[in-house]
Amino acid sequence: MTQSALVIGGGIAGIQTALDVADAGFKVYLVEKEPSVGGRMSQLDKTFPTLDCSACILTPKMVDVARHPNIELLTYSEVTDVQGAAGDFRVTVKKKPRYVDMTKCTGCGSCAEACRLKGKIVDPFNAALGKRSAIYVPFPQAVPLKYTVDPTQCVYLTRGVCGKTFRCKDACKAGAIDFTQQEQCVELNVGAIVTATGFDPFNATLKPELGYGVYPNVITSLQFERLSSASGPTAGKILLGGKEPREVVFIQCVGSRDATTGNLYCSRVCCMITAKHAHLVKDKIHDARVTVFYADIRAFGKGFEEFYDRVRAEGVQYRRGYVSEIFKRGEKLVIRSEDTLLGKPIETPADLVVLSTGLVPRPETQPLANLLGLGNSADGFLAEAHAKLRPVDTAIDGVYLAGCAQGPKDIPDTVAHAKAAASAAIVRLRRSEQWTVISDQFTLSTTH
Amino acid sequence: MLDTETLVQQFDLLACIQCGKCTGGCPISPKSALNPRALIYHMLLGGDFELVSRDELWDCTTCATCGMRCPKGVKAYDLIIGLRGQWIESGKIPTTLRAPLTATLNQGNPLVLPREDRTLWADGLDVKNVAEGAEMALFTCCENAYDPRVQPMPKALVRILRAANIAFGTLGLDEQCCGSEIRRVGESGLFEYLRDDNLEKFQAAGVKKLVTTSPHCYNVYKNEYGSPGIAVEHYTQTVARLIAEDKFKFGKKFEATVTYQDPCFLGKQNGVYDEPRAVLKALPGVKFVEMDRSRERSVCCEGGGGRMWLEGTNTKVRLANDRIAQARETGATVLATACPFCFLTLSDAVVATGHENDLKVMDIAQIVNAAI
Amino acid sequence: MKPRIGVYICHCGLNIANTVDVEATREFARALPNVSVARNYTYMCSDPGQALITNDIRELGLTHVVVASCSPRMHEPTFRATIHKAGLNPYCLEMANIREQCAWVHADKKFATLKAMDLIASAVAKVAWLVPLQTREVGVTQAALVIGGGIAGLHAALDIADAGFPVALVEKQPYLGGRVAQLYTTFPTQERVADLLAPLIARVTQHPHIRVIANAKVEQIEGFIGNFRATVRTRPAFVDATKCDACGKCVDACPVSVPDAFNANLTPRRAIYRPTPNAPLVVDATQCTYIQDRVCLSEPRCVAACDRHAIDFSQAETVSELNVGAIIVATGASAFDATLKPELGFGAAANVITSLQFERLAANPAEFAKAFGAAKEIAFVSCVGSRDATTGNAYCSRVCCMVNAKQAQIVKQQFPAARVTIFYADVRAFGKGHEEFYDAVRQSGVRYRRGYVSEVYRRGAKMIVRAEDTLIQKPLEVEADLVVLGVGLTPRAETDEVANLLSLPRSGDGFLLEIHPKLRPVETAVDGVFLAGTCQGPKDIVDTIAQARAAASSALAPLCRGTVKVESATSTVNDEMCAGCGLCVATCPYGAPALNARTGKTRVNAVLCKGCGACAAACPSKAIQVMQFTPRQILSQIAVLA
């Protein structure tokens, strides 16, 4: 019997793992809890340091997983039970009802246009900066491009009636809307499991002194991605309340390296995300004054230091000192910090403040970790088998980690980690299949 | 010479990464030479440090914002208190501190008033002694006990507790300074004496629960007396609970727009932000408005850390004056607080800025009392 | 039959639509000759975008498709698959790059729109001449070659071998373990490297599917993905391992003394030596005077000293040829040569050492105590050879901050009385557990002072470290007994050789270049050749291992499948026009064309050909054409622009 693998999480880590394992000839089930694969990377505008458009490089991979003959996509689904052991895991996956018949939906969007709640529901994909309908696709390049009814918002599903007639149902020419759908469970038999459940951005309201949630022009780096993105709520213009900021401040290490939040660790990506954002502001608003407050700039990856050099050359000012508080004076925000290189407390005015929020473990990973028997590191992320030598293995044979579920990582490190997990899974699957040893065929000749 | 190595160990300064968050958030640093980060760095580097030339050390209000925000858990204000301690030990005690310290030792209060006058504020109120049997002991701050400007506050509190039928008492003439400010000016010996003496008196009177008028007393009992098995509450917590339990009715309306100054020792240092607001919002007639800088982002009134007795190096800029301006921006007519130090500094500032007619500083207890 | 062309214009969100009037462009395209339909859409690469194309092919009977969007590098495979799904030959597609070559580089919407129209018109003109090509598959030799036996190569080899495929692991040194073998402990867990490495090496050497070829060099590589042939030359040890009892008399007898590179040149070694403390004896042929010049008394002294007659100068080099399907390059990195920063005093003073030397000293407790035991003040210098335009290394070396921290902690742990100061500009403690380790190191009493060290010079027995403490803005002079330079990682000197061997490009920093920095960190421009570890850029051990296993995963795909698809748009030779001059053979970077000895004319090996067109351009008699880029196709493109 050909062995299969289960990959949990359809972000870039899960996508890459699934593609590699499938390319090696194994069947892969890719389970994603959201209606589309893509994960956090799909929310990004550009990627550092090359400024590749994130959607442009991610979309082909998303399309690839959907099209791969060896991959079965289970979107809007969650793993609810795991039994057995390596080589023979029996996994239960709950498929949540979309209330949309996937075989009929053409992704035309008439339903969302017709929805009573159109433009009223806070859109998590747009990091709460935009609004959507109760029936939605998370983003235009979604894979699969099938609509989903948000059961927590839909008037019919929450209150039992939606006027005299369902507007979405009436609007759907394909007859795809089906409110009779029920949750379904499927059982999978797999030889290896890769956990690629990703991260959450740090909740910036836990740093009240920075005024997030108080001032609308204090936003997080994820929100900046959406602001800057062509497919975002402002169509790529850096606008807040319709106004273009003149003075923009970036604040590093929000929720990272910070005992007050319990997150002692460095989140590894925020320095470069900010450098990229600072560049984007300069690119879109040439005469904007851009200041970055930091304690150490961690530009460690390939081409990162060079990018940091470039951003400073573009006129972005780096001032060494963590920001202590933000308040309002007149129309402007005032950022209080010390410039530790001058030894002086300073006040910096701003129209827009971007908090470079760190990466934290997803709370919903924990029940899954419990099901799989996985442990946590001190920082709360999933624990690998050995900090130095076994970054993708876990204490459980046949269960592997990929990407930010194991700890913060940028995209290339995530891809490498995911491919490493794929390699581990392939080795495990081939072992289970009891392949016959391929004879030592590669030596042609030896001469003296 | 200053033993910086010991200070480094004592205050865990090795954790510091010199990020400047302490100095950046310090309410005093913009107007003074005080720079907590640079102080820490000095200690880390060792070498000469001429303590007694550092007058700015007396500018610190021990509001603790520096320590609260430090990403590495360093408490810069504790270092400053430690340095003050070394200064005091050297015998060169700042002149204005001498009398309060001596009086606290001899009379049990820093206001240089007789010990036997401590209960004068309660004359005619018929307040029981806690030893006679009471569910809680009301602990009045020295300021509330002696300073006529803030004596109305404990009086109001007595009426509130009575309206809720709470059996309470005071320690009578056994009450003396809690030592919070004494510790903060660096007189740790005197503080330890007061602590031990007070604990003995609490035990003798059988105190199980202590309600304080001042956030400073609240903080010191809660956090710096060890764990003597006595429950401690600030009175705003007590009143908020009584209101939630529906223990008394408000007979009158208090028609005013009210904003609130978070005392650092209540809010920032102990996370008590909601109870004072809950009390104000529960009062009929009160329209509650927030200042922009409130709760975790509140600003010190410059009354703590011994600053009641020390002018500081820069008297031209006073934080309390700024605070009055910020309170007026909200449109409030009453600036509420729940701390005798805040009350006094803000009251002075209202006068100094010439706004005594359009902004009234009141303690929450007074406002509640006015609505009963 | 007249071609029926569909033109599809992508907005790419706003990437294109902001600068190009997509609607006007669509109307323009609709009017071009042979165009049956022209459409625009937000994201042509998305499912609904692709559905537009497949529907039109089916319903309008399109014969050719033009997609005007991004670079073909990005989405040509996507759209080829799209039209293939709808029944067209995948090669009947032409991409007009109106993003990178138009929207992204122009600001003026009017002219950008005109340019987009031109690009589309020329793509339409060309697409009509495109002919169907067949996609082809070739078989794969199900074995792999791993070049480099360091921590990366070891892990890559293990995964491939564990998956059941034979692996040849070629290591230039006589020992396995590479750079990591020189280290004392790891950060942040402070584990002994020897304890970690020994079981790993044992597993590799004992693996039934791994053949370790140490003391060897890959000399030549021919072929292509699935079908590489590597020539490996192995140097002999000149010591018969079956006879040698490692008594060491030969070493004592050897008159040659050279710096021991394994020991970071701290100590000398002989020409016959142990490459690592536990490795068997070998003769370094490059240093042995007998091998080089046939002089070493009448009989080589080592031979005379050896009671067991184990030394055998008759041993000869062997040359092996290996057939493999995939190659992993794991050739590692070097430590920065600190003499290139003369102001830091390395080489001029014995008490200035590099971080690599520190590791070697620390591995030897007696030596370490001798060097550090009496030191009162020890200074660590960060970023030596990294983040430094004066050395040409603009990049950050990624590991040195943590190496400094670890070494400072080792000193503090063993000699608590020593004052240890680390000079830095930014502390880059970014990995899992690293910030926490940095916290612990400060707690151990190590002082961090912000400011790069400007110079190190001698004053008496002490070294003076000059820097500015930028946090107090004061120039400093620190008297140190020992200065440790945190040297960065640089590409190995032999990187060019490796790059040439495999036709691999290098990135600006000199390391080997991956094909896409974000999403394809281990693949290279050469199919079937993958990068692992520090040859691609500085990395710590854990990131190196992740990348090595990633490279293994990439290599496993063709090995597991047994076949690979190869490029179809290759070059073809018109025999009648070929003069057999051989210019194409000299031009081709992939070795695809070869002169047929019998006919004297060129034949192109279609499997090797990448379709780059270099041969066609070089051919003086225009005998070579590249499918998809024939003169007729290109000229018709140019004609519409004229």
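The values are calculated or read from the model by the stated rules, or taken from the named source; none is laboratory data. What you are looking at is a predicted structure, and each value in this text was computed from that prediction instead of being measured. Cβ atoms come from the backbone with ideal geometry, glycine included; neighbour counts cover every protein chain shown. Each accessible area value is taken on the protein alone, full model and side chains, heavy atoms only, with ligands, DNA and RNA left out. Shrake-Rupley method; radii C 1.70, N 1.55, O 1.52, S 1.80 Å.
Summed over region C:136-159, residues that are more than 12 Å from chain A (Cβ to nearest Cβ), in contact with a helix residue (DSSP H, G or I) (Cβ under 9 Å, 6 or more places away or on another chain) and not hydrophobic (A, V, I, L, M, F, W, C) total 4. Considering region C:34-132, the qualifying helices (runs of 4 or more DSSP H), each wholly inside and each with 3 or more residues that are within 14 Å of chain A (Cβ to nearest Cβ), run over C:47-60, C:72-85.
Note on region A:391-407: residues that are at the interface with another protein chain (Cβ under 8 Å from one of its Cβ atoms) and open to solvent by 10 Å² or more (accessible area, probe 1.4 Å) amount to 1. Quick one: would you say residue C:433 is without any contact (Cβ under 8 Å) to a residue 12 or more places away in the chain and of a type in the set (Gly, Ala, Ser)? When the stated conditions are applied, residue C:433 does not pass them.
Please determine whether any residue of region A:311-331 is in contact (Cβ under 8 Å) with a residue 60 or more places away in the chain, open to solvent by 30 Å² or more (accessible area, probe 1.4 Å) and within 14 Å of chain B (Cβ to nearest Cβ). Yes. Take region B:35-44 and flag every residue that is within 14 Å of chain A (Cβ to nearest Cβ), open to solvent by less than 40 Å² (accessible area, probe 1.4 Å) and not small (Gly, Ala, Ser). Answer for region B:35-44, where residues must be within 14 Å of chain A (Cβ to nearest Cβ), open to solvent by less than 40 Å² (accessible area, probe 1.4 Å) and not small (Gly, Ala, Ser): B:35, B:36, B:37, B:39, B:40, B:41, B:44. Note on region A:257-287: residues that are at the interface with another protein chain (Cβ under 8 Å from one of its Cβ atoms) and in contact with a helix residue (DSSP H, G or I) (Cβ under 7 Å, 6 or more places away or on another chain) total 5. Once region A:192-212 is narrowed to residues that are out of contact with any strand residue (DSSP E or B) (no Cβ under 7 Å at 6 or more places or on another chain) and more than 20 Å from residue A:337 (Cβ to Cβ), the residue that is most open to solvent (accessible area, probe 1.4 Å) is A:203. Of everything listed in (1) surrounded by 19 or more Cβ atoms within 10 Å (Cβ to Cβ); (2) away from chain C (no Cβ under 14 Å); (3) free of Cβ contacts under 8 Å to residues at least 40 places away in the same chain, the single unmet condition for residue A:57 is (2). I want to confirm something. Restricting to region A:196-224 and keeping residues that are within 13 Å of another protein chain (Cβ to nearest Cβ) and of a type in the set (D, E, K, R), which single residue is nearest to residue A:30 (Cα to Cα)? The residue in question is A:207.
Being closer than 17 Å to residue C:325 by Cα and modelled with pLDDT under 95 holds for only one residue in C:525, C:555, C:579, and it is C:525. Considering every residue within region C:470-489, establish whether at least one is more than 13 Å from chain A (Cβ to nearest Cβ), out of contact with any strand residue (DSSP E or B) (no Cβ under 6 Å at 6 or more places or on another chain) and part of a loop (DSSP other than H, G, I, E, B). No, region C:470-489 has no match at all. Mind checking whether some residue in region A:373-390 is modelled with pLDDT of 95 or more, under 30 Å from residue A:247 (Cβ atoms) and either at the interface with chain C (Cβ under 10 Å from one of its Cβ atoms) or within 17 Å of the chain's Cα centre (by Cα) (or both)? No, that holds for no residue. With respect to the conditions (1) at the interface with chain A (Cβ under 7 Å from one of its Cβ atoms); (2) of a type in the set (A, V, I, L, M, F, W, C); (3) open to solvent by less than 10 Å² (accessible area, probe 1.4 Å), residue C:541 lacks only one, and its number is (3). For region C:289-333, a residue qualifies if it is of a type in the set (Gly, Ala, Ser), in contact with an Asp or Glu (Cβ under 9 Å, 6 or more places away or on another chain) and open to solvent by 20 Å² or more (accessible area, probe 1.4 Å), and exactly one does: C:305. Counting the residues of region A:125-151 that are under 19 Å from the mean Cα position of the chain (by Cα) and outside any loop (DSSP other than H, G, I, E, B) gives 4.
For every residue, the table says whether it meets (1) open to solvent by less than 30 Å² (accessible area, probe 1.4 Å); (2) closer than 24 Å to residue A:205 by Cα.
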{"residue": "B:280", "(1), (2)": "yes, no"}
{"residue": "B:287", "(1), (2)": "no, no"}
{"residue": "B:298", "(1), (2)": "yes, yes"}
{"residue": "B:302", "(1), (2)": "yes, no"}
{"residue": "B:305", "(1), (2)": "yes, no"}
{"residue": "B:308", "(1), (2)": "no, no"}
{"residue": "B:316", "(1), (2)": "no, no"}
{"residue": "B:319", "(1), (2)": "yes, no"}
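When the criteria are applied in full, residue B:29 fails the requirement of being open to solvent by 20 Å² or more (accessible area, probe 1.4 Å) and either at pLDDT 95 or above or among the hydroxyl-bearing types (Ser, Thr, Tyr) (or both).
Is there a residue in region C:421-430 that is under 22 Å from residue C:410 (Cβ atoms), more than 10 Å from chain A (Cβ to nearest Cβ) and either part of a loop (DSSP other than H, G, I, E, B) or of a type in the set (Phe, Trp, Tyr) (or both)? Checked region C:421-430: at least one residue is under 22 Å from residue C:410 (Cβ atoms), more than 10 Å from chain A (Cβ to nearest Cβ) and either part of a loop (DSSP other than H, G, I, E, B) or of a type in the set (Phe, Trp, Tyr) (or both). Candidates in region C:447-477 are the residues that are in contact (Cβ under 8 Å) with a residue 40 or more places away in the chain and surrounded by 22 or more Cβ atoms within 10 Å (Cβ to Cβ); of these, the one that is nearest to residue C:534 (Cα to Cα) is C:453. Can you find even one residue in region B:77-86 that is outside any helix (DSSP H, G or I) and of a type in the set (D, E, K, R)? No - not one qualifying residue is present in region B:77-86. Answer yes or no: is there a residue in region C:45-53 that is outside the structural domain of residue C:519 (by TED's automatic domain parsing), more than 24 Å from residue C:630 (Cβ to Cβ), over 38 Å from the mean Cα position of the chain (by Cα) and crowded, with 21+ Cβ neighbours inside 10 Å. Checked against the condition, which is being outside the structural domain of residue C:519 (by TED's automatic domain parsing), more than 24 Å from residue C:630 (Cβ to Cβ), over 38 Å from the mean Cα position of the chain (by Cα) and crowded, with 21+ Cβ neighbours inside 10 Å, region C:45-53 yields at least one hit. In this entry, residue B:145 passes the filter for residues that are at pLDDT 95 or above, part of a helix (DSSP H, G or I) and surrounded by 24 or more Cβ atoms within 10 Å (Cβ to Cβ).
So, of the residues in region C:550-585 that are of a type in the set (S, T, N, Q) and open to solvent by less than 20 Å² (accessible area, probe 1.4 Å), which turns out to be farthest from residue C:524 (Cα to Cα)?
So the residue we want is C:571.
The set of residues in region C:189-215 being in contact (Cβ under 8 Å) with a residue 60 or more places away in the chain and either within 27 Å of residue C:320 (Cβ to Cβ) or within 9 Å of chain A (Cβ to nearest Cβ) (or both) consists of C:189, C:212, C:213, C:214, C:215.
Residue under question is residue C:408, and the condition is that it be modelled with pLDDT of 95 or more, assigned to a helix (DSSP H, G or I) and either more than 10 Å from chain A (Cβ to nearest Cβ) or closer than 30 Å to residue A:379 by Cβ (or both); does it hold? Criteria met by residue C:408. Taken as a whole, the structure leaves residue A:340 outside the set of residues that are within 14 Å of chain C (Cβ to nearest Cβ) and modelled with pLDDT under 95.
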